[in-house]
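S.K.: Quick one: structure below, then a few questions.
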C-alpha cells in the first residue's frame, strides 16, 4: 500500500514536472494600465471579477504612456504585454504604425454595443474623461463659464490652466464667443490660432500653470486660484475625500477617450477579446463610477446609476451633449508647431 | 629623473579606475547625447532613395518623376515600420502636417497597387492622387532640409535661427523666438543670485572667521544644516511658506501691513529667494576658508601703522579674500545656471530657466536634438566661465603661505 502511494506521488510529481514548464511557456493574459489608484479600481471592477467568472488568470503591468515605449516593445519582439490602455493619440499613431492588432468587433458584441467615440479600428474605449472648468463653490456662487473665467475684472483672482497648448486654445476661443462645435473649424485657420493666442494673452498675468492633474485640485483647494481647468475625476475625488465644495462645469468641457489596444503579435489575442467582451458589459462598467467617476463607453453603462453618480458621469447624455471631443487629427498635425509658439509665448 | 617619472606612472595607475569610471558613465554618454545636436538620421534612414534623388532637385516646384518613384518605393518598403513613423515625427516638427502627409500617402499607395510596366509620370500621378501637397516645393523642401547626415538645424533653433527655403540663415518668426530670451534670463537670474549671495554671505563669513572657535563651529553648523536637506524639500518648504494662505501672508495680514494676501508664489521673487537660500552655503564656505587664514597680526600691524578701518579692509582684508570670492561666485553661478526644480515649482511661466526647456524638449516633445543643442550651448557658457576664472586666478599674485 505504502509503496503504491509512493509510486503514485512519484508519478504525479513526474507528470507535474513535465506539465509545469509547458504551462509557464503559455504566459498569462497581461494587461497594462496607468497604475496607482486607477489600476486598483480596474482590478476590483474588471480583472478580479473576470478571473472569478472565467478562471482565466490575469497578469498586470503599468506604464506612463508614450508611443516610443510601444514602438520599442513591438520592435524588440517577445513583447510581454497583451492588452494596453492607451490615450487617443497613442491609439491613432500606433494603429497607423501597425503596433496594434485590429479589433474583431464581432467577437465583442459589435460596434453598436458602444458609444461612437469608444469605437476605433485598433481600440475599444475604456473610459471617457473631461477637462472641465472647476471652481470652489464656497468662493464663487453660481456656474462660471469660460467667459467668466476670463473676466478677472468682475471676478478677481488667479486662474489655473494646464501648461501646454492643447485644450487652452479651445477654451480661449470659447471664452471669445466661439460655439464649441465651431472651435476646431476656427483653429484650422491661422487667424483662428492668432485669435486664441490674443485671448490667452489677456489672461496671462493672472494665470498659474499646472502640469500634473493633482496640482490643479491642489491649487484650487489651497485657494491659490479662484478657478482652474482640470480633469473632472480629480476634482470629484478630492471633493469626496476632503469634503470640499468644489463645482465642475460640463458645458464647454473637452473630452477624450482612453482605449484598450491589443499589441501586435500578442499570443493571447483570443483571451484579450474574451476580456474585452466581459469588460464591455454595461453592468460591469457601471461599477467603476462609485470608485472613480470615469464613464464607461458601453451603451447603457449609465442606466442604473443613482442620481449623484449620474450627475458626474461623462457619458451621461446630458453631460455628453454639452462637451466637445478633442480633435486628435488637428493636434496630431499641429501640436509640434503650436507647442513651439505656446512655449515662446509663455516665456515672454 | 627616471624615478620621478616612475612615481608619476604609478600614481596614474591609481587614478585609472576613476578615469575609466568617468569615461564610461559620464564622458561617453554625454558626448553621445551632445552629438545629437548636429546629426540628423531619421529621415534619411526611412527614405534613403528619396533623399538621394532629391540631391539633383533645383528646389523650385515639384521634382522629377524619378524622385516621385523613389518616394513611392521608400514608402512601400517602410509602411508599418517604426522607422517611417520616426521620420514622420521629425518632418512634422519641421513643417506642421507632414506626419499626416507622409503616413496617409504610405497608406493609400499601398492600397492602389502599382502593377504593370510603369508609364512615364505614373509615379507622380499616383503620389499626387494620394496627397496633392506633394505638388508643392515646401513639402519636398522639408525632406531635403532634414535629410542629414549633418545638420545645423537644432543648433540654429537653439539660437532662434533657421534656414529659409534658399538655405540662408534667418531669424525665426518673432512669435516663435524663445531661446535667446531664455539664455539671457538664465544668465541674469544666476548673476542676481550670485550677487545677492555674496552680499549676504560675505559679512556672515567674516563673522564666522572672527568669533571664537567654539561659537564659530556652532554658527558653521547652522550654515551647513540646509545643505543636508534635499533641494526638493527646501523648495517645497518655500512653497508652503509663500502660499496665498501660508504663514508669511498670514503674518503680514495679522500685522495689518496688507489688506489682502500678496502673490508671492509663481513669481521671480520666489525663485530668487529660494535659490539664494539653497546656494548661500556654497558662497559662505569658500569665503570662510580664506578669511580664517588671514592672521589677526596683519590687521593689527596695518592699524598700528596708521591705517583706518576702511583702509585696512580695502588694502589688507579684501585682497586676501579675493580667491574666496572668486571660488564662491563661480560655484554659486554655475549651479544656479542648472537650476530646474526650484523655478519649475516656485516660478510662473515667464520665470523658467534653460534647464526647464532642455527637460521639456527631451521628455515631453521628444526633440532630443534640440535638447542636445541647448545643453551644448549651456556647456559652452560654463566652459568659458571656468576658463576665464582659472586665468584670473593664475594672474592674481600668489599669497604668502
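S.K.: Of the residues A:263, A:174, which single one is within 30 Å of residue A:94 (Cβ to Cβ) and in contact with a strand residue (DSSP E or B) (Cβ under 9 Å, 6 or more places away or on another chain)?
M.R.: A:263
S.K.: Among the numbered conditions (1) surrounded by 13 or more Cβ atoms within 10 Å (Cβ to Cβ); (2) within 14 Å of another protein chain (Cβ to nearest Cβ), tell me where residue A:58 comes up short.
M.R.: (2)
S.K.: Does residue A:212 fit the bill of being within 14 Å of chain B (Cβ to nearest Cβ), over 22 Å from residue A:44 (Cβ atoms) and without any contact (Cβ under 8 Å) to a residue 12 or more places away in the chain?
M.R.: Yes.
S.K.: Inspect the range A:225-233 for any residue being within 13 Å of chain B (Cβ to nearest Cβ), in a helix (DSSP H, G or I), out of contact with any strand residue (DSSP E or B) (no Cβ under 6 Å at 6 or more places or on another chain) and crowded, with 20+ Cβ neighbours inside 10 Å and give the result as yes or no.
M.R.: no
S.K.: Sticking with this one: Residues that are within 14 Å of chain A (Cβ to nearest Cβ) and touching a residue at least 40 places away in the same chain (Cβ under 8 Å): list the helices (runs of 4 or more DSSP H) wholly contained in the range B:11-86 that include at least 1 such residues.
M.R.: Correct list: B:42-46.
S.K.: Return the residues of the range A:101-127 that are more than 14 Å from chain B (Cβ to nearest Cβ) and out of contact with any helix residue (DSSP H, G or I) (no Cβ under 7 Å at 6 or more places or on another chain); say none if nothing qualifies.
M.R.: Result: A:103, A:106, A:110, A:112, A:113, A:114, A:115, A:116, A:117, A:118, A:126, A:127.
S.K.: Oh, and also: Got a sec? Which of B:248, B:294 is over 32 Å from the mean Cα position of the chain (by Cα) and in contact (Cβ under 8 Å) with a residue 60 or more places away in the chain?
M.R.: Unique residue meeting the criteria: B:294.
S.K.: Among (1) free of Cβ contacts under 8 Å to residues at least 60 places away in the same chain; (2) more than 14 Å from chain A (Cβ to nearest Cβ); (3) within 22 Å of residue B:381 (Cα to Cα), which single condition is residue B:360 missing?
M.R.: For residue B:360, the failing item is (2).
S.K.: To continue, here is another question. Could you grab me the full set of residues in the range A:292-348 that are under 18 Å from the mean Cα position of the chain (by Cα), within 14 Å of chain B (Cβ to nearest Cβ) and either over 18 Å from residue A:87 (Cα atoms) or not in a loop (DSSP other than H, G, I, E, B) (or both)?
M.R.: A:328, A:329, A:331, A:332
S.K.: Out of all the residues in the range B:161-171, is one or more within 27 Å of the chain's Cα centre (by Cα), part of a loop (DSSP other than H, G, I, E, B), at pLDDT 90 or above and farther than 25 Å from residue A:96 by Cα?
M.R.: no
S.K.: Among A:133, A:203, A:169, which is the only one that is within 13 Å of chain B (Cβ to nearest Cβ) and either touching a residue at least 12 places away in the same chain (Cβ under 8 Å) or on the phi < 0 side of the Ramachandran plot (or both)?
M.R.: Selected residue: A:203, the only one of A:133, A:203, A:169 that is within 13 Å of chain B (Cβ to nearest Cβ) and either touching a residue at least 12 places away in the same chain (Cβ under 8 Å) or on the phi < 0 side of the Ramachandran plot (or both).
S.K.: Among the residues of the range B:87-105, write down those that are at the interface with chain A (Cβ under 9 Å from one of its Cβ atoms) and more than 18 Å from residue A:89 (Cα to Cα).
M.R.: Across the range B:87-105, the qualifying residues are B:94, B:95.
S.K.: Let me ask something additional. Restricting the range B:251-269 to residues that are within 12 Å of chain A (Cβ to nearest Cβ) and surrounded by 12 or more Cβ atoms within 10 Å (Cβ to Cβ), which is nearest to residue B:192 (Cα to Cα)?
M.R.: B:267
S.K.: Let me ask another. From the list B:316, B:332, B:312, exactly one residue is at pLDDT 95 or above, crowded, with 16+ Cβ neighbours inside 10 Å, over 15 Å from the mean Cα position of the chain (by Cα) and part of a helix (DSSP H, G or I). Which is it?
M.R.: B:332
S.K.: Check the range A:55-74 and report whether any residue there is within 14 Å of residue A:32 (Cβ to Cβ), touching a strand residue (DSSP E or B) at 6+ places or on another chain (Cβ under 6 Å) and in contact (Cβ under 8 Å) with a residue 40 or more places away in the chain.
M.R.: Within the range A:55-74, one or more residues are within 14 Å of residue A:32 (Cβ to Cβ), touching a strand residue (DSSP E or B) at 6+ places or on another chain (Cβ under 6 Å) and in contact (Cβ under 8 Å) with a residue 40 or more places away in the chain.
S.K.: For the range B:145-174, enumerate the residues that are exposed (fewer than 14 other Cβ atoms within 10 Å of the Cβ) and closer than 30 Å to residue B:270 by Cα.
M.R.: Once the filter is applied, which keeps residues that are exposed (fewer than 14 other Cβ atoms within 10 Å of the Cβ) and closer than 30 Å to residue B:270 by Cα, the range B:145-174 yields only B:174.
S.K.: Also, quick follow-up: When you check residue B:156 against the structure, is it in contact (Cβ under 8 Å) with a residue 12 or more places away in the chain, closer than 30 Å to residue B:382 by Cα and not in a strand (DSSP E or B), yes or no?
M.R.: Answer is yes for this residue.
S.K.: So which residues in the range A:75-100 are within 13 Å of chain B (Cβ to nearest Cβ) and surrounded by 20 or more Cβ atoms within 10 Å (Cβ to Cβ), if there are any at all?
M.R.: A:90, A:92, A:93, A:94, A:95, A:96, A:97, A:99, A:100
S.K.: Does the range B:179-195 contain any residue that is more than 18 Å from residue B:333 (Cα to Cα), touching a helix residue (DSSP H, G or I) at 6+ places or on another chain (Cβ under 8 Å), in contact (Cβ under 8 Å) with a residue 12 or more places away in the chain and within 14 Å of another protein chain (Cβ to nearest Cβ)?
M.R.: yes
The values are calculated or read from the model by the stated rules, or taken from the named source; none is laboratory data. What you are looking at is a predicted structure, and each value in this text was computed from that prediction instead of being measured. Every residue, glycine as well, gets a Cβ built from its backbone with ideal geometry; the counts of neighbours run over all protein chains shown.
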